[in-house]
Amino acid sequence: MKQMEKVKEVRLMLHEAVNTLEGMVMIDSLQRLGIDYHFPEEIDAVLNFYHQSLDVSTGSTHHSLYDVALCFRLLRQHGHYVSADVFKNFKDKEERFGLNVGKDIRGMTGLYEASHLRIDGEDILDEAYNFTCKRLKASMTVMDRGMAGLVRHTLEHPFHMTLPRFKANYCLKNYQGDNGRTRVLQELAKMDFNIVQSLHQGELKAVLKWWKDLGLSQELRFVRDQPLKWFMWPMPILSHPQFSKYRVDLTKSISLVYIIDDIFDVYGTLDELTLFTEAINRWEVTEIERLPRYICNEISDKVQKEHGMNPIQSLRKVWGGLCNAFMVEAKWFRSRHIPMTDEYLRNGVISSGVPLVLLHMHFLLGQGMTTESVDSVDNIPGLFSWPATILRLWDDLGSAKDENQEGYDGSYVECYMKEHGSSTSLENACEEVENMISNAWKKLNEECLCSNQFSPSFKEGSLNIARMVEVMYSYDQNQRLPALEQLINSLLNESIP
């Protein structure tokens with residue numbers, strides 16, 4: 001009841017600020033605090049107003065760099081295309097970001113944040129990214145400790161690249177200001193964080209009970225027994241509280257991706273894996289093969305009841321495709337064959353499991369689901385393939401750096417070095433992969449700006465998978481995942497007083 005009272009109070013403030021820049025500042029605060037989902041209509045009203053008023057004629061004499069960067073970022077985050085030419089007015093006579101911009105720390109942080117929304121071919125935002133990175137790092141040496149800490153956090157965790165719920169905890173602890181509006185937002189955010197955390201704890205209990213009742217960890221002792229880690233994928237991917245039941249369902253699918261991956265990597269002989277893959281494609285009910293059938297049927301029944309369409313054929317196809325991709329890799333690596341980079345990545349996008357997870361999420365959400373949209377997802381559209389590309393490349397880059405693997409478990413870096421021979425080095429190969437990840441992000445940003453059959457919630461989920469990759473694959477020297485451990489503590493253990 002207290003939460004809803006605060007929601008009404010904030011909604012009134014948003015109504016009053018709908019045609020002012022203060023409205024955009026409020027939206028930014030709501031997003032950073034993780035409470036924007038309460039105000040979709042009010043936020044749309046503010047953004048629609050600014051989408052009509054912000055154009056390439058916006059000049060530094062009327063709007064500050066920070067204001068323009070903020071409007072640009074928020075509009076693009078919500079699917080409104082704004083030309084990057086809005087930043088031309090902040091260049092000097094030599095068409096470069098110059099001294100005036102370099103002195104504006106707040107403006108540079110805003111421009112740095114905005115540059116992460118760039119799409120392919122936007123040279124001005126590439127330049128903005130490089131310029132702000134260099135200048136902000138140099139400026140930190142002469143800042144006071146508090147400001148330097150905020151700038152460092154921005155450089156390490158730009159908003160567009162960071163999980164919203166993860167960002168919310170940090171902002172709650174560091175949200176500055178003592179005016180009335182700030183206090184109201186803080187109070188609502190703290191209540192909301194604790195309520196949502198309690199919801200997540202209940203979901204985790206349901207996942208743990210399901211996993212225990214399934215008994216698979218006792219039957220197949222070679223597979224990973226990590227239900228908490230599996231749950232950490234859908235929890236931030238589908239972050240809105242209304243998707244609680246979908247998070248539990250999605251965890252079941254994700255757990256099976258990990259289990260089947262272990263069957264192919266650790267346990268099965270090539271002959272056994274061939275029979276296993278054939279059985280999955282035929283959808284036979286035998287032993288372990290009944291698990292995809294059981295999960296798919298359960299999800300299909302729910303989708304049928306909620307959204308009036310049965311996706312079982314698409315789900316069968318995607319599970320078969322996953323096993324086929326695993327089978328291709330099993331043949332490669334058991335024969336010590338290193339494929340060409342294009343061939344490896346094309347297969348690796350599927351074997352990442354991301355298209356499978358996103359397909360299940362698409363059907364569970366059911367938003368905008370038609371016969372045409374079901375047919376289109378069978379062809380792996382960009383919202384499926386680009387986060388999968390980011391995951392595959394990041395995982396391989398981490399393997400090269402942290403696990404010292406020799407390519408037999410699959411590595412784009414190893415394929416690249418073989419393909420280019422003595423003309424390249426490990427350092428050059430890793431740099432190429434980093435550039436490919438950056439380009440994949442540009443493509444994903446562009447997909448989120450396109451008009452298509454996918455809902456805003458689905459687009460946000462696709463982005464969140466890409467954001468989650470760094471958390472799941474950033475190993476330290478001890479082969480631990482410190483970012484994941486921090487996320488678990490932040491979202492499940494640390495309540496806000």
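The values are calculated or read from the model by the stated rules, or taken from the named source; none is laboratory data. Computed from a predicted structure; not experimentally measured. Every residue, glycine among them, receives a Cβ derived from its backbone with ideal geometry; neighbour counts consider all protein chains shown. In case anyone asks, the SASA skips ligands and DNA or RNA and just uses the protein heavy atoms, side chains included. Shrake-Rupley method; radii C 1.70, N 1.55, O 1.52, S 1.80 Å.
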Nearest-0.05 FRET efficiency for M143 and D85, computed from C-beta distance (R0 25 Å): 0.20
Loop chymotrypsin sites (Phe, Trp or Tyr not before Pro), region 177-234, which have at most 13 other Cβ atoms in a 10 Å radius of their Cβ (DSSP): F222
Q3/D126 FRET efficiency (R0 45 Å; Cβ-Cβ; nearest 0.05): 0.60
Label-to-label distance, nm, for residues given as R221 and D44 (7 Å Cα→Cβ offset): 5.6
Degrees between helix 65-77 axis and first principal axis of the chain (Cα, 0 to 90, nearest 10): 30
Residue-normalised accessible area of the chain, given per residue in Å² at a 1.4 Å probe: 46
Principal-axis tilt of helix 382-398 within the chain, Cα atoms, nearest 10 degrees: 80
Ranked packing of 348-358, 413-423, most packed first, by mean Cβ within 10 Å: 348-358, 413-423
Relative contact order %, region 411-482, counting alpha carbon pairs below 8 Å whose residues are six or more apart: 16
DSSP-loop chymotrypsin sites (Phe, Trp or Tyr not before Pro) across region 1-57, with at most 14 other Cβ within 10 angstrom: none
Accessible carbon and sulfur surface of the chain relative to its total accessible area, %, 1.4 Å: 50
The chain: relative contact order in percent, alpha carbon pairs under 8 Å with at least 6 residues between: 15
Principal-axis tilt of helix 244-262 within the chain, Cα atoms, nearest 10 degrees: 50
